[in-house]
1. Please go through region 8-50 and give me each residue that is under 22 Å from P174 (Cα atoms) and part of a strand (DSSP E or B), ordered by number.
2. Just give me the residues in region 103-128 being over 10 Å from S90 (Cβ atoms), aliphatic (A, V, I, L, M) and either in contact (Cβ under 8 Å) with a residue 60 or more places away in the chain or open to solvent by 40 Å² or more (accessible area, probe 1.4 Å) (or both), in sequence order.
3. Can you run down the residue pairs with Cβ atoms below 8 Å, 6 or more apart or on separate chains, where the first is in region 20-37 and under 13 Å from T240 (Cβ atoms) and the partner is in a strand (DSSP E or B) and small (G, A, S)?
4. Can you name every residue in region 98-115 that is modelled with pLDDT of 95 or more and either assigned to a loop (DSSP other than H, G, I, E, B) or touching a Cys at 6+ places or on another chain (Cβ under 8 Å) (or both)?
5. With the condition kept exactly as written, say whether any residue in region 181-195 is in a loop (DSSP other than H, G, I, E, B), open to solvent by less than 10 Å² (accessible area, probe 1.4 Å), in contact (Cβ under 8 Å) with a residue 12 or more places away in the chain and of a type outside the set (D, E).
6. Across region 28-78, which residue is most open to solvent (accessible area, probe 1.4 Å) among those that are within 17 Å of the chain's Cα centre (by Cα) and charged (D, E, K, R)?
7. Six or more apart or on different chains, Cβ under 9 Å: which pairs go from a residue in region 219-230 that's within 13 Å of T250 (Cα to Cα) and touching a residue at least 12 places away in the same chain (Cβ under 8 Å) to one that's among the hydroxyl-bearing types (S, T, Y) and part of a loop (DSSP other than H, G, I, E, B)? Could you list them?
8. Kindly indicate the residue of region 196-206 that is without any contact (Cβ under 8 Å) to a residue 60 or more places away in the chain and in contact with a His (Cβ under 9 Å, 6 or more places away or on another chain) and also farthest from A264 (Cα to Cα) among those meeting that condition.
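The values are calculated or read from the model by the stated rules, or taken from the named source; none is laboratory data. What you see is a predicted model; the values in this text were computed from it and never measured. All Cβ positions, even for glycine, are placed from backbone atoms using ideal geometry, and neighbour counts span all protein chains on display. In case anyone asks, the SASA skips ligands and DNA or RNA and just uses the protein heavy atoms, side chains included. Shrake-Rupley method; radii C 1.70, N 1.55, O 1.52, S 1.80 Å.
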Amino acid sequence: MSDEFDRDRLDAALAAVEDWPVDNVSAAVVGPEGLLAMRGDEDRVYRLASVTKPIVAVAALLAVEEEAISLDEAAGPEGSTVRHLLAHASGLDFSDRGKVRAGPGERRIYSSAGFEVLADHIADATGIAFPDYLTEAVCQPLGMGSTVLEGSAGHGASASLADLVAFATELVAPRLLAPETLEEAVNEQFRGLDGVVPGYGMHKPCPWGLGFELREAKYPHWTGQHNSPGTFGHFGQSGTLLWVQPEIETALVVLTDRDFGDWAKPLWPELSDRVVDAATRRSRPEDSLGG
């Protein structure tokens, strides 16, 4: 199969976003070498909401690689570690940094406050204000020139599609992170914990990695039924999503300016299935022989 045919199929899959009930949408399919297909304005800046968390997580993982912090050092509530904070297992409330709702490792309590505590911990360890650390560690090396963090490290970033394509490329084929670091980050932490995926209810269990939600067997879910259990990523309440399916070396990024709601629940999985189907077709060995 030719590269042109590959891109045509993926572009056709993305065409579905043009019928979405949003004012603005920018979407891309990404492979190991970067952009494969795109719809919309790649330079328009969108609020990322919780798609901020994976970017912050990569900064934290780089801080671990640099030995500025370690995953298992104390951070957050008593008994909690950096690992607990990244995996939503510290027991902290969703938004109240002063409220502890469970002991570390007891429940998967989705917490933006935990990422704020994590950012402060990294700032204390490095002596660099966290937004500056994020820029220096992640954004500048990946060429993410429009990305800024204003406010919460759990949901306060804004970025363009072009920047998220660069970030997704790193997640498909890491060059900044050590591959083994990313591999650990997308494996379940504190196995078997129950928890809630915002907007989708309780999951028993609710697998999570280090800053990345893990697809596993969750249903209902914001990814598609054709996404593999190994798919990882995040979505944001501002109408944004990013997932990576390692088996087909493919990522999907979608940014919109309409807050997540009932409109997205059928459309996001439908688009995800279209992209997975097109990418799976791309990856079949017989296609390279014209089959």
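1. Matches in region 8-50: A27, A28, V29, V30, G31, G34, L35, L36, A37, M38.
2. A119, I122, A125, I128
3. S26/S160; A28/A37
4. K99, R101, A102, G103, P104, G105, E106, R107, R108, I109, Y110, S111
5. No, region 181-195 contains no residue that is in a loop (DSSP other than H, G, I, E, B), open to solvent by less than 10 Å² (accessible area, probe 1.4 Å), in contact (Cβ under 8 Å) with a residue 12 or more places away in the chain and of a type outside the set (D, E).
6. Step by step, filter region 28-78, then rank; the result is R47.
7. none
8. H203
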